[in-house]
Amino acid sequence: MLTLKSVQDEASWSELAPSDRVTAGTEAAPREGPWPVGQHDFVVAACRLPVDLVQGVDGDEWRPSPGGLVSALDPVMRDAGGAWVGWMGAAGEAPEPFEVAGLHLIPVGLSAEEVRDFYEGFSNATLWPLYHDVIAPPEFQRSWWDAYVRVNERFARAVAAQSAVGATVWVNDYQLQLVPKMLRDRRSDLSIGVFIHIPFPGYEIFAQLPWRRQIVNGLLGADLIGFQRHGDAANFLRACRQAAGMVTSGSMVRVPDAGQESAGEAAAVTANGSNSRRRRQPDVSRNVQTATLPISIDWASYADLVKREDVRARARENRDALGRPDVVLLGIDRLDYTKGILHRLNAYGELLSEGRFGSLQTVLVLVASPSRERVEQYRLLRDEVEVTVARINGDHGELGNPPIHYLHQTYPTEEMASLYLAADVMLVTSLRDGMNLVAKEYVACREDESGALVLSEFTGAADELTSAFLVNPHDIEGMKDAIVRAATVPPAEARRRMRSMRRRVREFDVNRWAASFLAALRQASSLR
Ligand code: F6P
């Protein structure tokens, strides 16, 4: 590990006065002309920087930004150095590149319209629901697509401007799927890897996307495309064949060179088409490798955190504040419809109504951090969650003793760790989730091997944490049984389960994930 200051250090972020903000040259630029060359040998691109510009009481300030992607990439970047290209979470001109805690951050600016059309629109009201198995209906709007193309090009140019000749570029997630091809077309010297942090849907769902071929071709500009689960990679390979007429062999895709691409595209078959309609592939082609590389957490930082006396004291305080119940259940998520928060609440409410916990006093702490609040589905979900919490508390609470403590807030890592320490049962009930790092964080914090994890089968984490109490969140009866079993598990069984999960997360931590990705990228680039 590099000995750099943590990006969670809010003081250092807020030292950057908003008045430092100036145009960073990442605004939409003419498509013509050569693309710039920079000085970094390693460049990461993600929709978000690890910090957001937010309005605090004393004016604008920088705060750690939300999401699993940032929490995973942050320690990797602190180790590796290089530049991080991303958006700062608010509309406006980009500040000049700046350096904090050894991270070289390159902001990309988005106008208010682009926040609406690129971020809230195409990224989070089209792709997000589509890629999460249409839990909410995706919206397809042509003006959103245009903004997606424009913003992806801005990111691609910003990345090029940072990348030295022959540099390694790591593009992240569904918001930037066109960046690999845009870079490949202008900077063929680069070694380009992309990692999709969320699920990649089955073809029957993906095929709904009017721009499916462009998305597939955009990703295929990379040398390596990483996914969380085998199923995601398999779904993508099928999309390559069916949406873009590519030939696949095992985990590899053969991509015709630029001049020949249109031939392959013309041969793309429709949803129920077959290989027989595909033309012979041209002789000149590039190989693109796909790989399954489940993301993880910075084990060592959590292990250190839960040894700290202030964090342990805070955990005791939290339990006291809850009235020292027999069992503390905990849910921590972004307030997102993919997380199955309502399913969890309904299961807990029914358990209380049926008296299934017997004489055990239970409390559910529900942390739902604000997310994408201007997207309609998120506003509707918040209303529904809050009505449900109020109903359960109204039905089952006593004065000063509600069964659910609901917190619509974002907490620093220390506070999260103290909550993990205070919780006997962790509830992760996603309807669909690329990985779910909260599950892994809980496991990392349980150093005395106590505690129980109730985990949805529909998370990437379920492939690895097989000793959890696995549930189908749509099966409310099954989930209720699992919650009761987790709340009453004998200590020896809890230890056996937790020990095995801890072994897995310790061994496959985020450093190993990043090292595996970069090793696979080196190999893929050499075989290109
Ligand atoms: O990990 C999935 C992810 O969507 C990231 O891409 C994203 O940065 C994070 O969750 C949080 O979402 P948002 O950036 O929209 O707040």
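How many residues are open to solvent by 10 Å² or more (accessible area, probe 1.4 Å) and part of a helix (DSSP H, G or I) if we restrict to region 234-258?
Of the residues in that region, 7 qualify.
Determine the pairs where a residue that is in contact (Cβ under 8 Å) with a residue 40 or more places away in the chain and among the charged types (D, E, K, R), located within region 175-202, has a partner that is part of a helix (DSSP H, G or I) and away from the ligand (no atom under 13 Å from the Cβ) with Cβ atoms under 8 Å apart, the partner being 6 or more residues away or on another chain.
Final answer for the pair search is K181/N217; K181/G218; K181/L219; D185/A258; R186/A156; R186/A160; R187/A160.
Please determine, by comparing only the residues of region 159-181 that are farther than 23 Å from L127 by Cα and assigned to a helix (DSSP H, G or I), which one is least open to solvent (accessible area, probe 1.4 Å).
Result: A160.
Name every residue in region 182-216 that is open to solvent by 10 Å² or more (accessible area, probe 1.4 Å) and in a helix (DSSP H, G or I), in order of residue number.
Listed by number, the residues that qualify are M182, R184, D185, R186, E204, I205, R212, R213, Q214.
Of (1) over 25 Å from the mean Cα position of the chain (by Cα); (2) charged (D, E, K, R); (3) farther than 26 Å from R308 by Cβ, E386 satisfies all except one. Which?
With (1) over 25 Å from the mean Cα position of the chain (by Cα); (2) charged (D, E, K, R); (3) farther than 26 Å from R308 by Cβ applied to E386, the lone miss is (1).
Looking at region 336-380 only, could you name the residues that are touching a strand residue (DSSP E or B) at 6+ places or on another chain (Cβ under 9 Å), within 26 Å of V134 (Cβ to Cβ) and hydrophobic (A, V, I, L, M, F, W, C)?
Selection gives I341, L345, A347, L366, A368.
Identify, please: which residue in region 89-122 is within 17 Å of the chain's Cα centre (by Cα) and buried (at least 23 other Cβ atoms within 10 Å of the Cβ) and is, among those, nearest to the ligand (Cβ to nearest atom)?
Per the stated criteria, the residue is Y119.
Would you kindly identify the helices (runs of 4 or more DSSP H) lying entirely within region 325-428 that contain at least 3 residues that are open to solvent by 40 Å² or more (accessible area, probe 1.4 Å)?
341-353, 376-396
Given the criteria of a type outside the set (S, T, N, Q), under 19 Å from the mean Cα position of the chain (by Cα) and either within 28 Å of Y442 (Cα to Cα) or open to solvent by 10 Å² or more (accessible area, probe 1.4 Å) (or both), does A125 qualify?
yes
Could you tell me which residue of region 152-186 is nearest to the chain's Cα centre (by Cα), considering only residues that are away from the ligand (no atom under 14 Å from the Cβ) and β-branched (V, I, T)?
V169
Please go through region 42-71 and give me each residue that is surrounded by fewer than 23 Cβ atoms within 10 Å (Cβ to Cβ) and within 13 Å of the ligand (Cβ to nearest atom), ordered by number.
R48, D52, V54, R63, P64, P66, G67, G68, V70, listed by residue number.
Taking D133 and the conditions (1) buried (at least 16 other Cβ atoms within 10 Å of the Cβ); (2) within 16 Å of the ligand (Cβ to nearest atom); (3) at pLDDT 95 or above, which numbered condition does it fall short on, given that it satisfies the others?
(1)
Suppose we filter V443, V454 for residues that are in a strand (DSSP E or B) and open to solvent by less than 10 Å² (accessible area, probe 1.4 Å); which single one remains?
V454
Suppose we filter V489, V505 for residues that are among the β-branched types (V, I, T), open to solvent by less than 70 Å² (accessible area, probe 1.4 Å) and closer than 22 Å to R432 by Cβ; which single one remains?
Matching residue, one of V489, V505: V505.
For the list (1) in a helix (DSSP H, G or I); (2) crowded, with 18+ Cβ neighbours inside 10 Å; (3) of a type in the set (S, T, N, Q), I need the number of the one condition that S467 fails.
Evaluating S467 over (1) in a helix (DSSP H, G or I); (2) crowded, with 18+ Cβ neighbours inside 10 Å; (3) of a type in the set (S, T, N, Q) leaves (1) as the failure.
Among the listed residues W13, W84, which satisfies the condition of being at pLDDT below 80, open to solvent by less than 10 Å² (accessible area, probe 1.4 Å) and on the phi < 0 side of the Ramachandran plot?
W13
Note down all Cβ pairs under 6 Å where the first residue falls in region 306-335 and is modelled with pLDDT of 95 or more, the second is polar (S, T, N, Q) and within 16 Å of the ligand (Cβ to nearest atom), and they're at least six residues apart or on different chains.
R334/S369; R334/S371; L335/S371
Scan region 136-151 residue by residue and report those that are closer than 22 Å to E93 by Cα and within 16 Å of the ligand (Cβ to nearest atom).
Those that are closer than 22 Å to E93 by Cα and within 16 Å of the ligand (Cβ to nearest atom): W144, A147, Y148, V151.
The values are calculated or read from the model by the stated rules, or taken from the named source; none is laboratory data. Keep in mind it's a predicted model, so treat the numbers as computed, not measured. Reconstructed Cβ throughout: ideal geometry from the backbone, glycine too, with neighbour counts over all protein chains shown. What goes into the accessible areas is simple: the full protein's heavy atoms, side chains included, and nothing from ligands, DNA or RNA. Shrake-Rupley method; radii C 1.70, N 1.55, O 1.52, S 1.80 Å.
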